[in-house]
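Below is one structure, written out as structure tokens; the observations come after it.
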Amino acid sequence: MMEGINILVERIKTNPEEFVISSESNRWMSCIQDYWYLMLPEEQDEIREALRELSTSYFNERVLRTLMIQEKR
């Protein structure tokens, strides 16, 4: 496994804000996209799962915030 995969997965876990869609996150997502074809299927799965967990967390947070806003009305 490429060491960069381990670094990216840990970075997703420790600095999730850098992987939210923004100009700052584009450098990481661009890196992933540029080298996706070099990754083994299991490495792609690791990155995909880490990003999925992050997206799920942000989705749940967004749903809860939306519910809270509606409750205040």
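Its residue count N sets the reference 2.2 N^0.38 Å, and the alpha-carbon radius of gyration of the chain equals 1.32 times that reference.
Considering only 55, 70, 35, and ranking their Cα positions along the charge dipole of the chain that arises from unit charges at the beta-carbon of Lys, Arg, Asp and Glu, the one farthest toward the positive end is 70. Using the Cβ-Cβ distance between residue 9 and residue 73 with R0 set to 30 Å, the FRET efficiency from 1/(1 + (r/R0)^6) comes to roughly 0.15. Shown in residue order for region 49-56 are the 3J(HN,Hα) couplings computed by the Karplus curve 6.51 cos²θ - 1.76 cosθ + 1.60 at θ = phi - 60°: 5, 4, 5, 5, 4, 5, 5, 4 Hz (x for Gly and Pro).
A Cβ-based charge dipole, computed about the Cα centre of the chain with Lys and Arg at +1 and Asp and Glu at -1, lands at about 580 debye. Applying the Karplus relation 6.51 cos²θ - 1.76 cosθ + 1.60 with θ = phi - 60° to region 29-36 yields 3J(HN,Hα) values of 5, 5, 4, 4, 5, 4, 10, 3 Hz, where x marks Gly and Pro.
Every number here is computed from the coordinates shown, using simple stated rules; none is lab data. The model shown is predicted, which means the values in this text are computed figures rather than measured ones. We place every Cβ from the backbone using ideal geometry, glycine too, and count neighbours over all the protein chains shown.
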